[in-house]
1. Does the range 189-210 hold any residues that are within 19 Å of Ile238 (Cβ to Cβ), of a type in the set (A, V, I, L, M) and not in a loop (DSSP other than H, G, I, E, B), and which are they?
2. Inspect the range 179-187 for any residue being charged (D, E, K, R), part of a loop (DSSP other than H, G, I, E, B), in contact with a Lys or Arg (Cβ under 8 Å, 6 or more places away or on another chain) and within 12 Å of Val121 (Cβ to Cβ) and give the result as yes or no.
3. Which condition breaks for Asp102 when tested against (1) out of contact with any helix residue (DSSP H, G or I) (no Cβ under 9 Å at 6 or more places or on another chain); (2) outside any helix (DSSP H, G or I)?
4. Does the range 190-203 include one or more residues that are over 25 Å from Thr115 (Cβ atoms) and either among the hydrophobic types (A, V, I, L, M, F, W, C) or in contact (Cβ under 8 Å) with a residue 40 or more places away in the chain (or both)?
5. Which residue out of Ala196, Ala169, Ala213 is over 20 Å from Ser139 (Cβ atoms) and surrounded by 23 or more Cβ atoms within 10 Å (Cβ to Cβ)?
6. How many of the residues in the range 105-121 are in a loop (DSSP other than H, G, I, E, B) and of a type in the set (Gly, Ala, Ser)?
7. For Val160, state whether it is within 16 Å of the ligand (Cβ to nearest atom), closer than 25 Å to Tyr44 by Cα, under 16 Å from the mean Cα position of the chain (by Cα) and surrounded by 16 or more Cβ atoms within 10 Å (Cβ to Cβ).
8. Suppose the filter is aromatic (Phe, Trp, Tyr), under 15 Å from the mean Cα position of the chain (by Cα), under 27 Å from Asp61 (Cβ atoms) and at pLDDT 95 or above; does Tyr189 pass it?
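The values are calculated or read from the model by the stated rules, or taken from the named source; none is laboratory data. Just so you know, these numbers come straight off a predicted model, no measurement behind them. Neighbour counts are summed over all protein chains in view; Cβ atoms, including those assigned to glycine, are modelled from backbone coordinates with ideal geometry.
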Amino acid sequence: MKRLLWLLLVGMVAVGLLLVGCVPSDGTGKIRVATDATWAPFEYVDDETGEIVGFDIDLFDAIAERADLDVEYVNVDWDALLAGMAQGTYDAAISSITIKPDRLEKMNFSHPYFTAGQIIVILKSTTDITGPETLAGKSVGVQAGTTGDDLATSINGTDVKRYDDIPLAFAALMADQIDAVICDTPVAYGYVDKYAVLLVLGEVLTTEEYGIAVPKGEEELLEKINTALDELLDEGIIEELTTEWLRP
Ligand code: ARG
């Protein structure tokens, strides 16, 4: 009899654990999606509404609808976002994240959804910067820990100024405190379209693909995201979002 009770208890605990495993960590049934909303037009906070909006948000909303996921966006700093994804703090992250080998060791990525590259932005009044080879001895602003940081760091003789976010780097450039900014193409175009003093150099210096990050071990969620993403890609969602959010 004792033995039977014991078995029953073990069984109940096992079922309980299984059930808990089905619910995201906060217990609400919502998945928590991290984004560093300082990267217009892909993810930023709308001044008027205070909401997180952008290309990536529309894309993830569409994925969530397809995959029947309830989403809560969490606005986090870039450093915390990458660290959090490595530790499984968030269920997913969409944040213009370039898929690259060192990140693939710490987190998984969805299929790629967008191609971007690094580009140099200067003040129109600057005449002696014409390409990466002219950046030696110059101060170059980047968002710390991004692929723009990787590239600037790889150019010999540049003085890399690392900022917590890209608006700070552009503010420094426009205040004439640094000589150039290196960042992703869509962000650079957004700034030059908005601020007439800025100029983007023609040459795109890298080819990078954005992916949605999911913690290691969360294969089921990754698969749901990929299935929905593949369908949406086939249906031309990137063209739609490009028309809506990016320059013609
Ligand atoms: N694509 C670059 C990278 O992955 C920059 C992304 C920055 N994203 C952001 N939301 N701040 O390193």
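1. Result: no residue meets the conditions.
2. Within the range 179-187 (the criterion being charged (D, E, K, R), part of a loop (DSSP other than H, G, I, E, B), in contact with a Lys or Arg (Cβ under 8 Å, 6 or more places away or on another chain) and within 12 Å of Val121 (Cβ to Cβ)), the answer is yes, since at least one residue qualifies.
3. Checking Asp102 against (1) out of contact with any helix residue (DSSP H, G or I) (no Cβ under 9 Å at 6 or more places or on another chain); (2) outside any helix (DSSP H, G or I), the one that fails is (2).
4. Checked against the condition, which is being over 25 Å from Thr115 (Cβ atoms) and either among the hydrophobic types (A, V, I, L, M, F, W, C) or in contact (Cβ under 8 Å) with a residue 40 or more places away in the chain (or both), the range 190-203 yields at least one hit.
5. Answer to the selection: Ala213.
6. Total satisfying the criteria: 2.
7. When the stated conditions are applied, Val160 does not pass them.
8. no
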